[in-house]
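Scroll down for the structure; my scribbles are underneath it.
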Amino acid sequence: MSKNPSFTLAFGTLMLTLGALAMGASVLFVRLADVGPFASAFWRVALALPPLALWAALAEGTRAFRPDRLSLLAGAFFAGDLFFWHLAILGTTVANATVLATTSPLWITAFAVLVLRQKVSRAGLLGLGLCIAGALALVGRSWQFDPQHLPGDAAGLATAIFFAGYFLAVSRARASRGAAAITLVSTATTALILLAVALIAEPTLWPASAGGLAALVALALVSQVGGQGLMAVGLASVPPAFGALVFFLEVASAAALGAMLLDEPITGLQAAGGALILAGIVVARPRARPPRTGEAGKDNSATGYREGRH
């Protein structure tokens, strides 16, 4: 990795962007899989384990297979994220679930400010506001409040909180472990938890067709190996409060794939929403600069950036 702060930041942002786009494809693959929601969540992580194990072995050797507290915690958080996401889809409208799930950057920013003591600039707050407005526009008028949907809406909010925990756990773990090891250990943890959930909640784990199996393999390779792996790589170089904004692109990716492959055309309002998300990311981007001689400041172990710069 280059020691140039601008290059490091650009590389990390690119990895997170590609990871968000890959994770956005999960909605498409889940729709094409012919298994229940909790079964598809289990297969997403279980089928990802062999390629992740190969990546970890090549990148870090046998030490990559040793569990650590933060990676185990990340896996537990991600299991909660997937569990509540599917409950939200079953218990409320997809639009409501999407809106509430995309509040995770709010929780990440709050944690970064209150616990990690990171400073968020006015540009960062403006970027967060633009991204939230963009996500709402992408969902459009489909979002609605209905008291009957409150349990599902609560599950959508829980999804955001669990993803925020996962995101921050991975960010902190990257201070001491490689991306391959973290992704492998956290995914294995998620798989064990979701296996228990699927065995209890689903009538069968097995896909009924070759097409369903292909969708599950694609879900594992694209959204889990690609999406989660790229996220872990990028979080070594990007502050978590900004990295969370990049993941608003996951919503834009889902909308774009729906338009291309599921005959769900993008409206003018949704196009404006995508533009707002891009604008928010550009506005909020950290301005990395090398330290001056003798400059005081504390290095942030989760991001690699000195506190107070963004």
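A few comments on the model shown:
- Flag for residue 27 being within 15 Å of residue 214 (Cα to Cα) and outside any helix (DSSP H, G or I): no
- Filtered residue count, the stretch 200-249, keeping only those that are among the hydroxyl-bearing types (Ser, Thr, Tyr) and either buried (at least 18 other Cβ atoms within 10 Å of the Cβ) or in contact with a Gly (Cβ under 6 Å, 6 or more places away or on another chain) (or both): 2
- Residue in the stretch 80-93 that is more than 14 Å from the chain's Cα centre (by Cα) and of a type in the set (Asp, Glu) present: no
- Identity of the residue in the stretch 75-123, part of a helix (DSSP H, G or I) and among the β-branched types (Val, Ile, Thr), that ends up modelled with the lowest pLDDT: 94
- Members of the stretch 178-200 that are touching a helix residue (DSSP H, G or I) at 6+ places or on another chain (Cβ under 7 Å) and not β-branched (Val, Ile, Thr): 178, 179, 180, 181, 184, 186, 188, 191, 194, 195, 198
- Looking only at residues of the stretch 124-154 that are surrounded by fewer than 18 Cβ atoms within 10 Å (Cβ to Cβ) and of a type in the set (D, E, K, R), we find that the one that is modelled with the highest pLDDT is 146.
- Wholly enclosed helices (runs of 4 or more DSSP H) of the stretch 209-253 bearing at least 1 residues under 10 Å from the mean Cα position of the chain (by Cα) and polar (S, T, N, Q): none
- Taking the stretch 158-189 as the range and being within 15 Å of the chain's Cα centre (by Cα) and under 18 Å from residue 55 (Cα atoms) as the test, the residues that pass are 170, 179, 182, 183, 186, 187.
- The C-beta contact set for the stretch 202-227 (first residue under 18 Å from residue 19 (Cα atoms), second residue β-branched (Val, Ile, Thr) and crowded, with 16+ Cβ neighbours inside 10 Å, distance under 7 angstrom, 6+ apart or interchain) comprises 219/30; 224/45; 224/187.
- For residue 47, the test of being modelled with pLDDT of 95 or more and not β-branched (Val, Ile, Thr) is passed.
- Whichever residue in the stretch 16-73 is under 24 Å from residue 165 (Cα atoms) and among the β-branched types (Val, Ile, Thr) and, among such residues, is surrounded by the most Cβ atoms within 10 Å (Cβ to Cβ): 45
Every residue, every condition in (1) hydroxyl-bearing (Ser, Thr, Tyr); (2) farther than 30 Å from residue 278 by Cα; (3) in a helix (DSSP H, G or I); (4) touching a His at 6+ places or on another chain (Cβ under 8 Å), yes or no:
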{"position": "13", "(1), (2), (3), (4)": "yes, no, yes, no"}
{"position": "17", "(1), (2), (3), (4)": "yes, no, yes, no"}
{"position": "21", "(1), (2), (3), (4)": "no, no, yes, no"}
{"position": "63", "(1), (2), (3), (4)": "no, yes, yes, no"}
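The values are calculated or read from the model by the stated rules, or taken from the named source; none is laboratory data. Just so it is clear, the structure is predicted and the values come from calculations on it, not from any experiment. Positions of Cβ are backbone-derived with ideal geometry, glycine not excepted, and every protein chain shown enters the neighbour counts.
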